[in-house]
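Everything below concerns the one structure shown next.
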Amino acid sequence: MRQCYDAVVVGAGPAGSAVARDIASWGFTVLLLEEHSVIGQPLHCSGLVTPRTLALAKVGEQVVQNELRGAIIQSPLGKQLLIGGGRVYALAIDRVGLDQAMARQAQERGAELLLDARFLGLERASGLVRACVERQGRRMRVVTKLLIGADGAQSKVAKQLGVHRLHR
């Protein structure tokens, strides 16, 4: 493992893996950090996406479990509203499979994936960022030009940078 990267991405979900994939595709050195030991687990979100989302993910049909072409909405008063037609409105996908496929894409483009790696904090120095990471009980520092927080709604990166917004 290197000690200096062009970009460090915290969080190997779809957003983090996509940005790591795209930056690495341009030939930059990228470290993708995931705090869990298995990509996509524990499952945090549902697996219901639009066809456009799947296209943007650049993942094939292998993660699609079902196509939703319509729905029946039942009101509390017993009335029904039928929504449907010939087009696909949504896809039920294997969400863990999506996360894993996207992380593989990032690795195939040259990003280095580090599992069980928990982001602890950051320091700014001379135009660079030193990210403190804990892995298997050991702390290490990684230097980068660009730190990307793709670590969810309770982002530790955003909190460290002072841009985390509390929901009221």
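Principal-axis analysis of the Cα atoms of the chain puts helix 14-25 at an angle of about 50° to the longest axis.
Note on the chain: semi-axes of the ellipsoid equivalent to its C-alpha gyration tensor, largest first and rounded to whole Å, are 36, 19, 13. Highest GNM mean-square fluctuation among Arg95, Arg130, Arg138, for the chain modelled with Cα contacts below 10 Å: Arg138.
Take each peptide in 43-50, 15-22, count the other Cβ atoms within 10 Å of every residue, and average; sorted highest first, the result is 15-22, 43-50. Of the accessible area of region 1-78, with the probe set at 1.4 angstrom, what percent is carbon plus sulfur? The nonpolar share, carbon plus sulfur, comes to 60 percent. In this calculation the C-beta distance from Ser25 to Arg52 is compared with R0 = 22 Å, giving a FRET efficiency of 0.60.
Based on the reciprocal of the average 1/r between different C-alpha atoms, the Kirkwood radius for region 1-88 equals 16.4 Å.
Of all lysines in the structure, those lying under 25 Å Cα to Cα from Lys156, and not within fewer than 8 positions of it along the same chain, are Lys145.
Note on Ala125 and Asn66: with the Förster distance fixed at 41 Å, the Cβ-Cβ geometry gives a FRET efficiency of about 0.25. Projecting label points 7 angstrom from Cα along Cα→Cβ for Lys79 and Ser37 puts them 5.4 nm apart. The calculated 222 nm mean residue ellipticity attributable to helices in the chain amounts to -7000 deg cm²/dmol, summing -39500 (n - 2.57) over DSSP H runs of n ≥ 4 and dividing by all residues. The residue among Ala24, Ala125, Cys4 whose Cα reaches farthest toward the positive pole of the charge dipole of the chain, with charges on the beta-carbon of Lys, Arg, Asp and Glu, is Ala125. The accessible-area ordering, largest first, of the residues Ile148, Ile93, Ile83 stands as Ile83, Ile148, Ile93, per a 1.4 angstrom probe. Comparing Val157, Val63, Val38 in a Gaussian network model of the chain (Cα springs below 10 Å), the most mobile by mean-square fluctuation is Val38. Among residues other than Gln65 with Cβ under 13 Å from its Cβ, the summed charge is -2 (Lys and Arg +1, Asp and Glu -1). In a simple Cβ point-charge model (Lys, Arg +1; Asp, Glu -1; nothing else charged), region 1-105 has a dipole of about 360 debye relative to its Cα centre.
The values are calculated or read from the model by the stated rules, or taken from the named source; none is laboratory data. Predicted, not measured: the structure shown is a model, and the values here were computed from it. Note that each Cβ is placed from the backbone with ideal geometry, even for glycine, and that neighbours are counted across all protein chains shown. Quick note on the areas: whole protein, heavy atoms, side chains included, nothing else; ligands and nucleic acids left out. Shrake-Rupley method; radii C 1.70, N 1.55, O 1.52, S 1.80 Å.
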